[in-house]
Amino acid sequence: MSSSNEAWEHLGDLTEEDAMHVLTRLFSMYEEEEQRHPGDKAAALFFRNLITALGQTSACNLNRR
């Protein structure tokens, strides 16, 4: 995959189970990177963005109720 558009296409083709596997794998990859290189900027950015996305999703789900 060479572009974000291509990544979106592949994500759209995934089953819900496979999408969860991708998220879990990304989490593990960045967690390992953070452990190998404490203070790694890419890992820190990933986790900051993940926490933001989780918060936004939770807020959106609460608003739907």
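We did not get these values from a lab; they are worked out from the coordinates using the rules stated. All of these numbers come straight from a predicted model, not from anything done at the bench. Quick reminder, even Gly has a Cβ in these numbers, built from the backbone with ideal geometry, and neighbours come from all protein chains shown.
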Legend entry - Residue check for GLU17: of a type outside the set (Ser, Thr, Tyr), more than 14 Å from the chain's Cα centre (by Cα), part of a helix (DSSP H, G or I) and surrounded by 10 or more Cβ atoms within 10 Å (Cβ to Cβ): no
Inset, instruction - Could you grab me the full set of residues in the stretch 23-42 that are more than 21 Å from LEU11 (Cβ to Cβ) and small (Gly, Ala, Ser)? - result: GLY39
Inset, instruction - Just name the residue that is surrounded by the most Cβ atoms within 10 Å (Cβ to Cβ) out of those in the stretch 20-41 that are touching a helix residue (DSSP H, G or I) at 6+ places or on another chain (Cβ under 7 Å) and outside any loop (DSSP other than H, G, I, E, B). - result: TYR30
